[in-house]
1. For the chain, with a Gaussian network of springs between Cα atoms less than 10 Å apart, report the residue from 125, 101, 134 with the top mean-square fluctuation.
2. Just report the Cα centroid separation between segment 102-139 and segment 5-54, whole Å.
3. How many lysine pairs does segment 6-86 hold where the Cα atoms are under 19 Å apart and the two sit 8 or more places apart or on different chains?
4. Charges on Cβ only, +1 for Lys and Arg, -1 for Asp and Glu, centred on the Cα centroid of the chain; of 130, 99, 152, which one is farthest towards the dipole's positive end?
5. About the Cα centre of the chain, what is the dipole size in debye to 20, counting +1 per Lys and Arg Cβ and -1 per Asp and Glu Cβ, all else neutral?
6. Going by a ≥ b ≥ c, the root eigenvalues of the Cα gyration tensor, does segment 6-86 fall in the rounded group (a/c under 1.5), the prolate group (a/b larger than b/c) or the oblate group?
7. Which shape class applies to the chain: rounded if a/c is under 1.5, otherwise prolate when a/b exceeds b/c and oblate if not, where a ≥ b ≥ c are the square roots of the Cα gyration tensor eigenvalues?
8. From the helices alone, meaning DSSP H stretches of at least four residues, give me the mean residue ellipticity at 222 nm for the chain, per-run term -39500 (n - 2.57), in deg cm²/dmol to the nearest 500.
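Each value in this text was obtained by applying a stated rule to the coordinates, not by laboratory testing. What you see is a predicted model; the values in this text were computed from it and never measured. Please note: Cβ atoms are built from the backbone with ideal geometry, for glycine as well, and neighbour counts cover all protein chains shown.
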Amino acid sequence: MGQVDELTLVVAAPFKKNAAPSLSMRDFEFALSFDLKWMSPDEASKVRDLAIKSRLLTLVDGMLKPVFDLDATNIPHGFKPQVDLFREKTLLEQIMAHISVTTGMGLRDIAAKINSKQEQLSDLVDIEVAALLVAKKMGCNIEPFYKQVDETVIR
């Protein structure tokens, strides 16, 4: 996998630690706060919510499941998340993270493709629209972003 963002590494860690394809919300939060000692239980809840909103996790029958390939995600030895992990990502960052998780491409290369697409369209579209066009061309499911992009562009 290419460059993986920090949130993806944090989300992958509890699943890898427990060698499980799915975890209850309680087990996920427990792993982040008590097993790994990376954060407080409240912060672990925020990470869970952010991961669901960023489409890294899905909730199925009360169980959290990663939407990305856990086996292809390698957590570096000694990894510890940065404090700004809890900052909510912009819509563009969310779309870029989705492209990265889906394709394995690094964020820098994705940004270059998005900028190129926006220039190709003579800057007539917002950057989020250009990002969706790039995501679609790369085979990503962009339907979950329609409403947010619509709200952002029309605002």
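1. 125
2. Between the Cα centres of segment 102-139 and segment 5-54 lies a distance of 29 Å.
3. Close lysine pairs under the 19 Å cut-off: 11.
4. Going by the Cα projections, it comes out as 99.
5. 220
6. On the way: a/c = 1.32, a/b = 1.12, b/c = 1.17.
Rounded, since a/c falls under 1.5.
7. prolate
8. -15500 deg cm²/dmol
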